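Presented below is the structure to which this report refers.
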Amino acid sequence: MLANGQMRLPLGLRSGATLDDFCPEPNTAALNAVRSLLVRPAPVFVLYLYGPGGVGKSHLLQGAAQSDAGWIPYIECAEMMQSFVDLALPDTFSSLVDAPLVCLDNVDAWAGQVDQEKFLYDLYNERFHRARPLLLAGREASRQLVWTLPDWASRFSACVPMALQLPDDLQRLHILQTMARRRGLRMDRDVARYVLRHQSRDMVVLESLLEMLDARSWEQQRQLTIPFIRHCLDREASS
């Protein structure tokens, strides 16, 4: 517990996962909806973002947690299965109730877990009375989730669902070039196409790749060319 009563959480936040660094295509509406939760009074009480991996759900939740709106806890529900009991401690729960926003990622991992659903139900009720919003994310659409507790299922049904979409090839190309440009790297379209052909198209993987290329290009004072990237990838594969 911190001196001001805020709890310590294993946040696992990525430094590059800010709202300003989120490439909105094709999910501009989701970005705007998340930003709206950071102002008071928020227009929505519970926003539920859903979609497959790689659409940017975690980026948006972590971006909200790293905003300037005060202490905003980010909880990765799938990783809190073993240490969940810590969340239910009175001081911890109180700090979550009072936070301006709480971000619960992969909340669908708690479906069917009675203790976790009871925690969500209690958190919902306490924050509702204080008009403090919740930001949730999961892979499945809200209507497809099967909750065990009817009371929590009823509360969850009142959330505002928003589907996130995977970018198409042209959008992904633009996103990759934008990510590179924000690092001060110049990536031509042919180079970006090469990367997308030979690497995973998951945005988190691509961000890690750019971090590596950024470091290597600085060390060797090289531009991002196809031969240079091929050399870096071969070096990574052999290390």
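The values are calculated or read from the model by the stated rules, or taken from the named source; none is laboratory data. Since the structure is predicted, the reported quantities are computational estimates derived from the model, not experimental observations. In this analysis, Cβ positions are derived from the backbone assuming ideal geometry, glycine residues included, and neighbour counts consider all displayed protein chains.
Assuming Glu126 fulfils every condition listed in (1) at pLDDT 95 or above; (2) acidic (Asp, Glu); (3) within 23 Å of Gly51 (Cβ to Cβ) apart from one, which condition is it?
(3) is the only condition that Glu126 fails.
Whether any residue in the stretch 149-157 is over 18 Å from Leu49 (Cα atoms) and in contact with a Leu (Cβ under 9 Å, 6 or more places away or on another chain) is what I want to check.
Within the stretch 149-157, one or more residues are over 18 Å from Leu49 (Cα atoms) and in contact with a Leu (Cβ under 9 Å, 6 or more places away or on another chain).
Yes/no matrix, rows are residues, columns are (1) under 22 Å from Val44 (Cα atoms); (2) touching a Pro at 6+ places or on another chain (Cβ under 6 Å); (3) not aliphatic (A, V, I, L, M); (4) not assigned by TED's automatic domain parsing to the domain that holds Leu38:
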{"site": "Ala111", "(1), (2), (3), (4)": "no, no, no, no"}
{"site": "Arg127", "(1), (2), (3), (4)": "yes, no, yes, no"}
{"site": "Pro133", "(1), (2), (3), (4)": "yes, no, yes, no"}
{"site": "Gly138", "(1), (2), (3), (4)": "yes, no, yes, no"}
{"site": "Val146", "(1), (2), (3), (4)": "no, no, no, no"}
{"site": "Trp152", "(1), (2), (3), (4)": "yes, no, yes, no"}
{"site": "Gln177", "(1), (2), (3), (4)": "no, no, yes, yes"}
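Mind listing whichever residues of the stretch 94-118 are over 22 Å from the mean Cα position of the chain (by Cα), assigned to a helix (DSSP H, G or I) and under 24 Å from Ser157 (Cβ atoms)?
Residues satisfying the conditions are Val114, Asp115, Lys118.
Filter the stretch 164-190 for residues that are assigned to a loop (DSSP other than H, G, I, E, B) and without any contact (Cβ under 8 Å) to a residue 60 or more places away in the chain; which is surrounded by the fewest Cβ atoms within 10 Å (Cβ to Cβ)?
In this case the residue turns out to be Gly184.
Quick check on the stretch 197-206. Is at least one of its residues hydroxyl-bearing (Ser, Thr, Tyr) and either crowded, with 16+ Cβ neighbours inside 10 Å or touching a Ser or Thr at 6+ places or on another chain (Cβ under 9 Å) (or both)?
Checking the stretch 197-206: not a single residue is hydroxyl-bearing (Ser, Thr, Tyr) and either crowded, with 16+ Cβ neighbours inside 10 Å or touching a Ser or Thr at 6+ places or on another chain (Cβ under 9 Å) (or both).
Would you check if Phe156 is closer than 30 Å to Phe128 by Cβ and surrounded by 12 or more Cβ atoms within 10 Å (Cβ to Cβ)?
For Phe156, the condition - closer than 30 Å to Phe128 by Cβ and surrounded by 12 or more Cβ atoms within 10 Å (Cβ to Cβ) - is met.
Can you tell me how many residues within the stretch 39-69 are in a loop (DSSP other than H, G, I, E, B) and either touching a Lys or Arg at 6+ places or on another chain (Cβ under 6 Å) or of a type in the set (S, T, N, Q) (or both)?
Quick first cut of the stretch 39-69, residues in a loop (DSSP other than H, G, I, E, B) only: 39-45, 51-56, 66-69.
So of that shortlist, the ones also either touching a Lys or Arg at 6+ places or on another chain (Cβ under 6 Å) or of a type in the set (S, T, N, Q) (or both) come out as 66-67.
The qualifying residues number 2.
From (1) in contact with a helix residue (DSSP H, G or I) (Cβ under 6 Å, 6 or more places away or on another chain); (2) without any contact (Cβ under 8 Å) to a residue 12 or more places away in the chain; (3) not basic (Lys, Arg), pick out the condition that doesn't hold for Cys77.
For Cys77, the failing item is (2).
With respect to Ser67, is the statement that it is modelled with pLDDT under 95, in contact with an Asp or Glu (Cβ under 9 Å, 6 or more places away or on another chain) and either surrounded by 15 or more Cβ atoms within 10 Å (Cβ to Cβ) or assigned by TED's automatic domain parsing to the domain that holds Ser157 (or both) true?
So Ser67 does not fit the description; no.
Hey, does the stretch 79-91 have a residue that's loosely packed, with under 15 Cβ neighbours inside 10 Å, within 21 Å of the chain's Cα centre (by Cα) and not in a loop (DSSP other than H, G, I, E, B)?
Within the stretch 79-91, one or more residues are loosely packed, with under 15 Cβ neighbours inside 10 Å, within 21 Å of the chain's Cα centre (by Cα) and not in a loop (DSSP other than H, G, I, E, B).
I'd like the full set of residues that are within 19 Å of Ser95 (Cβ to Cβ) and surrounded by fewer than 16 Cβ atoms within 10 Å (Cβ to Cβ), limited to the stretch 22-64.
Arg40
Which one is modelled with the lowest pLDDT, of the residues in the stretch 129-149 that are among the aliphatic types (A, V, I, L, M) and under 19 Å from the mean Cα position of the chain (by Cα)? Walk me through how you get there before you give the answer.
If we filter the stretch 129-149 for residues that are among the aliphatic types (A, V, I, L, M), which is where we start, we get 131, 134-137, 141, 145-146, 149.
Now drop any that are not under 19 Å from the mean Cα position of the chain (by Cα), which leaves 134-137, 141.
Working: Leu134: 98, Leu135: 98, Leu136: 98, Ala137: 98, Ala141: 95.
For the stretch 129-149, the residue satisfying everything is Ala141.
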